[in-house]
1. I want to confirm something. Restricting to the range 306-317 and keeping residues that are more than 21 Å from F404 (Cβ to Cβ) and in contact with a Phe, Trp or Tyr (Cβ under 8 Å, 6 or more places away or on another chain), which single residue is surrounded by the most Cβ atoms within 10 Å (Cβ to Cβ)?
2. Considering only the range 570-606, state which residues are part of a strand (DSSP E or B) and more than 22 Å from the chain's Cα centre (by Cα).
3. From the list G393, G320, G382, which one is assigned to a helix (DSSP H, G or I), over 25 Å from the mean Cα position of the chain (by Cα) and either outside the structural domain of A52 (by TED's automatic domain parsing) or more than 22 Å from R416 (Cβ to Cβ) (or both)?
4. Which of (1) in contact with a Phe, Trp or Tyr (Cβ under 8 Å, 6 or more places away or on another chain); (2) at pLDDT 95 or above is the odd one out, the single condition R173 does not satisfy?
5. I need a count of the residues in the range 389-421 that are hydrophobic (A, V, I, L, M, F, W, C), out of contact with any Asp or Glu (no Cβ under 9 Å at 6 or more places or on another chain) and over 20 Å from W373 (Cβ atoms).
6. Taking the criterion of being more than 30 Å from F580 (Cβ to Cβ), of a type in the set (K, R) and over 32 Å from the mean Cα position of the chain (by Cα), would at least one residue in the range 671-680 satisfy it?
7. Residues being aliphatic (A, V, I, L, M) and surrounded by fewer than 21 Cβ atoms within 10 Å (Cβ to Cβ): count how many of those fall in the range 178-193.
8. With modelled with pLDDT of 95 or more and in contact with a Phe, Trp or Tyr (Cβ under 7 Å, 6 or more places away or on another chain) as the only criterion, which of G615, G605 stands out?
Amino acid sequence: MISKFHFIVICALLAVYCPQLKGQELKWTEIENGIWKASVGESEDISLLQAADIRPKVNALDKLPTANFPFPEDRVKTKIVDGKTYLQFPLTREEQIYGLGLNFKTVHQRGRIMQLHVDHYGGRDDGRTHAPVPFYVSSRGYGVLIDAARYITVYAGTGIRVDADDKPVLRDRNTDPHWQAQPYSDAVEILVPAKGTDVYIYGGATPMEAVQRYNLYNGGGYIPPKWGLGFTQRVPTLYSQEDIAQEAQEFEDHDFPLDFIGVEPGWHSMAYPCTFEWDRTRFPDPKKFNSELLKDGIRTNLWLNPYVSPVGSLYPKLKGLSASHTVWNGIVPDLMLAETRDIFKEHFVQNHLNLGVSGYKIDEVDGFDFWIWPDVATFPSGYSGEQMRQVYGLLIQDMTAKWFKERNQRTYGLVRASNAGASSLPYVIYNDYYSHKDFITALVNSSFIGVLWTPEVRASKTAEEWLRRMQSVCFSPMAMLNAWADGTKPWSFPEVEAAVRDVANLRMRLLPYIYSTFSQYHFEGLPPFRAMNLVEGFSYDQQVAEGELDSTDNPYKVAIKSEIKDQYMMGDNILVAPMFEGEKERKVILPKGKWFDFYDGKFVGENEVITVAPGLEKIPLFVRDGGIIPMRPVQRQAPKLGEKVDLIIRHYGTSEGEYTLYDDDGLSFDFEKGQFTNVEIQVKKDRKGKLVGTISSPEKGKPYSYNKKVTWEFKTK
């Protein structure tokens, strides 16, 4: 028999030495204005934010309003069981949550179960995606980040606990027509397969404010070089330097914009796995190749995957610094090791950057499971295959970005895998999936999680589809035609060539506005392309239909949610509503305030749902009342260093307005040292009620690429 005394002693010892048997009371510390951090259990020494090597923008965070912790601290519950961390966060009845990775079909994530796992997107929003960011934003104005490099399982308002604070209504399926298979749940519950993790809470008065804090804590958004916001064509795989030169000439002959060319796998002497060395049959003189294109204002961007070929010069240097398993017979370098990164840097700088290469497309760092390294792989640094899967995209982005920054040279490229902490990294996510509508949903969702996404164009079956895709891509972070397999050109459908050129030229004309929008991303944390749910004055109510009972298709009468996933904002003032093949008209939901047609300035509606039929040649665009849009004349390329262009300033509506036009040299990081210009544009009414525009003078000695001449266009008559 165990005495009462011994029983008490045993229980006390268990409480001390087995903390996983009880919940842990979290200690929240406000680490920056409106951002709280707590550690659960034993945090691992590899995490998403560490991999991205974040540097918070403290001064920018301090400019945001103060925020309160979003719920009672004791409502966040944790425990560690069997070496796994359990987290529980409260939800209120009317609350909606967004984020939880780069999703392609859904915007509202409440009611979903997801395993956040870096992978190629497989057609389902189940958490396996290119950027499975474990960050969610609440409609109540706060965000939650789980900083763990693990496959995290999220029950986003799905599990109903016996001791729930707000229990669902008990219903009888036999007699109650409102019975649902998924009853109400009052919590987000998260399972992290590790003995601990760090948790961050981002406060705010609105969802946008929480997103701003998240982006600014991660270093603020990246400002691409001006050429990165122009048009890019990725050429067929086996094109030679002569073929690419001819391609550039064809763009000039067709008077089509072109700022940088994507060079696909054929530049390697071996690809899949890669040598990272020029194929001398196709590229006999790489330095001349890059310099001659640059003379014409065209940069080069090299495709790669990081798996090192046994026939390459890097193989013997990296073999002992690589994983236990290969990918396509290539070794997987351990990027957690400084020695590995140094070897890569020496080779890439000498053979690429010093020859004029301006950036990279980083492919194949996402999945699928059947070809990427397995979870049983081990790495010399001691980290697991699972952990490296979650951070590898971040590590290679950070590594390559630093090479360019050390040269005081901005870059802009593409990547297939990313994660939390990526806001300040110079990469746009892309994939091999090809649903136009889902591409737009991904663009909407990217704004919640601090990543950029492009709905690239590759091929189309009809001229209509081609034009509609081209219109969308011109209103995204990277205007890209990816012709690696098909050899398509912007003019591949001659019947819509003029319309394709028009929308590409419109993007080029909007560069002053787009560039200023990216400056907001950097300095204020405002995503350049924004979900409507982040927009002030957007009050479209979530509509949930009960669903029709069907013994085959819907036997549990699952509810159907209405989501706004096919329109978004570009910056503060332009609402973009893409059209898809086969559509003659579409509905557009307008936020509060008056809205005007971008093309003719006519009033279209106010806080309502409108139907538009723009015709094939135009993508529907709308500008808020008082909106100011700085533009420039049509030019095929972004402005070069020191080049000055005329400024065209448009105003829409009948209200006064103001706008900050941002500029810098467009190439370097000198703006981080104060070498940039903010010019204030205002439209005010004079004594007679007439709208009159004014623009402040740029500060002397600071970069400013616009002439004194300003053309004012008051679009609303």
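The values are calculated or read from the model by the stated rules, or taken from the named source; none is laboratory data. Predicted, not measured: the structure shown is a model, and the values here were computed from it. Positions of Cβ are generated from backbone atoms using ideal geometry, with glycine treated the same way; all protein chains shown enter the neighbour counts.
1. Step by step, filter the range 306-317, then rank; the result is V308.
2. R586, K587, V588, I589, K594, W595, F596, D597, F603, V604, G605, E606, listed by residue number.
3. G320
4. Every condition holds for R173 apart from (2).
5. So the answer is 3.
6. Taking every residue of the range 671-680 in turn, none turns out to be more than 30 Å from F580 (Cβ to Cβ), of a type in the set (K, R) and over 32 Å from the mean Cα position of the chain (by Cα).
7. 2
8. Every option except G605 fails the conditions.
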